[in-house]
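**Student:** Encoded as structure tokens, here's the structure I'll be asking about.
Read-outs throughout are calculated quantities, based only on the coordinates presented, and are distinct from any laboratory measurement. Keep in mind the model is a prediction, meaning the values are calculated, not measured. Here the Cβ positions follow ideal geometry from the backbone for every residue, glycine too, while neighbour counts run over all protein chains shown.
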Amino acid sequence: MQPELTLFSTIAGTGSALPERIVTNHELAERIDTSHEWIVERTGIHQRHLVSEGQNTSDLACAAALQAIAASGIDAVEIDLVVVATTTPDLVFPSVACLVQQKLGIVNRCPAFDLQAVCSGFIYALSTADNFIRAGQARCALVIGADVMSRITDWNDRSNCILWGDGAGAVVLRASDTPGVLATHLHADGRYRDLLHAGSAPDGGGCAVRMQGNAVFRFAVRTLDEIVDETLEKNGLQKDDITWLVPHQANIRIIEATAKKLGMSMDKVVVTVDRHANTSAASVPLALDTAVRDGRIKKGDTLLLEAFGGGFTWGSALIKWMV
């Protein structure tokens, strides 16, 4: 009797999508009491992409997915799992994942569902898809992080509205006898809901992000320090074993603090926050795709992906780049 093959997953291709409309800090400063210099000093953000009227999360997700599918060299009909991380679905239901499945013409009735962990969403979705493949329940997964944060932003909130952007990033995850996704580590603590949440907008319509920025900053730095230690310790690695840090793009100061924890030069950190702002669940896959396409990430590199988001949620993914 043949022994069962041990399955792992590996990233076969990446993709991303950004709306055409770019809003600079200077443009924001014409609407609210702020300045380009003030925003850059506190966040590192210079601009963000915002959707146009009628453009939805599923549109960005589908565009990113098509890029990832093309990069991986597969046919869309091979996909047998679709997981979309998002906080801003087009509709209450059906899910963005089902809308993407329909738009891509995936007719094999594979599982498709959304996952909500805010800015940590892509890490959660990647971990979920990896475990589907390890369990033998999928062989080719499409994993997407996509958000239209401009739809839940109070554009009169000077300290908050400067942070957000819209976008999507995607990866194709395939079954392999060699591990590409080496490990994932996920955490959450619901006691801190009041520090970062989306509730009713001031006019009573829809919802808007509310954040106690200083408290969130402190908690994020501390928990990301802890997740770095956990990831290295549980996988028997040293700091210098990490080739690239691909962090959530929320604030350049948080990114710099995590790099310092790793003893890593910022030259080995993928930074897109200056151009994309915080795109929530799209943040990490957007940064990953940027570094893959410009050639920084090479076969054999070890990547540490990490994120922190409302909930609070946080997590990491350790990746061996196999492409």
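**Student:** How would Thr128, Thr57, Thr6, Thr24 line up from fewest to most surrounding beta-carbon atoms within 10 angstrom? Please report the intermediate quantities before stating the final value.
**Tutor:** Values: Thr128 19, Thr57 30, Thr6 8, Thr24 14.
By the 10 Å Cβ count, ascending: Thr6, Thr24, Thr128, Thr57.
**Student:** For the range 13-83, which trypsin sites (Lys or Arg not before Pro) are both in a DSSP coil and crowded by at most 15 other Cβ atoms within 10 Å? Walk me through the numbers on the way to the answer.
**Tutor:** Numbers: sites: Arg21, Arg31, Arg42, Arg48; in loops: Arg31.
Answer by residue number: Arg31.
**Student:** Continuing with this model, one more query. Relative to the Cα centre, what is the charge dipole magnitude of the range 63-213, using +1 at the beta carbon of each Lys and Arg, -1 at the beta carbon of each Asp and Glu, and rounding to the nearest 20 debye? Walk me through the numbers on the way to the answer.
**Tutor:** Values: 10 positive and 14 negative charges, 30 e Å.
Dipole magnitude for the range 63-213 comes out near 140 debye.
**Student:** If you put +1 on each Lys and Arg Cβ and -1 on each Asp and Glu Cβ, how big is the dipole of the chain around its Cα centre, in Debye rounded to 20? It would help to have the intermediate numbers written out before the result.
**Tutor:** Numbers: 28 positive and 37 negative charges, 66 e Å.
In debye, rounded to 20, the chain gives about 320.
**Student:** To continue, here is another question. Cut-off is 10 Å between beta-carbons; in what order do Tyr192, Tyr124 appear when sorted fewest neighbours first?
**Tutor:** On the way: Tyr192 16, Tyr124 26.
So the residues, fewest neighbours to most, are Tyr192, Tyr124.
**Student:** Compute the helix-to-body angle for 57-72: its Cα long axis versus the longest principal axis of the chain, expressed 0 to 90° and rounded to tens.
**Tutor:** 40
**Student:** Further question on the same structure: May I ask you to derive the relative contact order of the chain, considering only C-alpha pairs under 8 Å and at least 6 residues apart, and to give it as an integer percent?
**Tutor:** On the way: 788 pairs, mean separation 83.3, N = 323.
Result for the chain is 26 percent.
**Student:** Quick one: Cα convex hull volume of the range 181-320, Å³ per residue? Before the final figure, lay out each step's value.
**Tutor:** On the way: hull volume 16.1 nm³, N = 140.
Convex hull of Cα atoms, per residue: 115 Å³.
**Student:** Could you state the number of Å between the C-alpha centres of the range 1-68 and the range 174-191?
**Tutor:** That distance is 22 Å.
**Student:** Another one. Which angle between 0 and 90 degrees, to the nearest 10, do you get for helix 213-234 versus the longest principal axis of the chain when only C-alpha atoms count?
**Tutor:** Taking the Cα atoms of the chain, the angle to 213-234 is about 20 degrees.
**Student:** For the range 155-235, what value does the Rg/Rh ratio take when both radii are computed over Cα atoms and Rh is the Kirkwood radius, given to two decimals? Write out the running numbers ahead of the final one.
**Tutor:** Details: Rg = 17.8 Å, Rh = 16.4 Å.
Rounded to two decimals, Rg over Rh is 1.08.
**Student:** Another question, if that's okay. Write down the radius of gyration of the range 209-262 and its Dmax, each obtained from C-alpha positions, in Å.
**Tutor:** Spelled out, the Cα radius of gyration and Dmax of the range 209-262 are 12.3, 39 Å.
**Student:** Same structure, new question: Please list the three semi-axes, largest first and in whole Å, of the ellipsoid equivalent to the range 57-193, using sqrt of 5 times the eigenvalues of its alpha carbon gyration tensor.
**Tutor:** Values: eigenvalues 142, 66, 33 Å².
Over the Cα atoms of the range 57-193, the semi-axes work out to 27, 18, 13 Å.
**Student:** D for the chain, whole µm²/s, Stokes-Einstein with Kirkwood Rh over alpha-carbon pairs at 20 °C and 1.002 mPa s: what number?
**Tutor:** Answer, rounded: 110 µm²/s.
**Student:** Among Glu27, Glu306, rank each residue by its count of other Cβ atoms within 10 Å, from fewest to most, as a rough exposure measure. Please list the in-between numbers first.
**Tutor:** Working: Glu27 12, Glu306 24.
So the ranking, lowest neighbour count to highest, is Glu27, Glu306.
**Student:** Taking Cα atoms, how many degrees apart are the long axis of helix 283-293 and the longest axis of the chain, rounded to 10 and kept between 0 and 90?
**Tutor:** 60
**Student:** Moving to a separate point now. Nothing charged except the Cβ atoms of Lys and Arg (+1) and of Asp and Glu (-1): what's the magnitude of the dipole of the range 14-104 about its Cα centre? Round to the nearest 20 debye.
**Tutor:** Values: 5 positive and 12 negative charges, 14 e Å.
My answer is approximately 60 debye.
**Student:** Which entries of Lys260/Lys299; Lys268/Lys320; Lys268/Lys298; Lys103/Lys320 have Cα-Cα distances beyond 23 Å here? Numbers along the way, then the final one.
**Tutor:** Details: Lys260/Lys299 25 Å; Lys268/Lys320 15 Å; Lys268/Lys298 13 Å; Lys103/Lys320 31 Å.
Long pairs (Cα-Cα over 23 Å): Lys260/Lys299; Lys103/Lys320.
**Student:** While we're here: Please state the Cα pair-distance histogram of the range 256-323 with 10 angstrom bins from zero: what percent is in each bin?
**Tutor:** So the P(r) values, bin by bin, are 17, 54, 28, 1.
**Student:** Going out from 0 in 5 Å bins, what whole percent of all Cα-Cα distances in the range 1-127 drops into each bin?
**Tutor:** Bins of 5 Å from zero give 2, 9, 14, 17, 17, 13, 10, 8, 5, 3, 1, 1, 0, 0, 0 percent of pairs.
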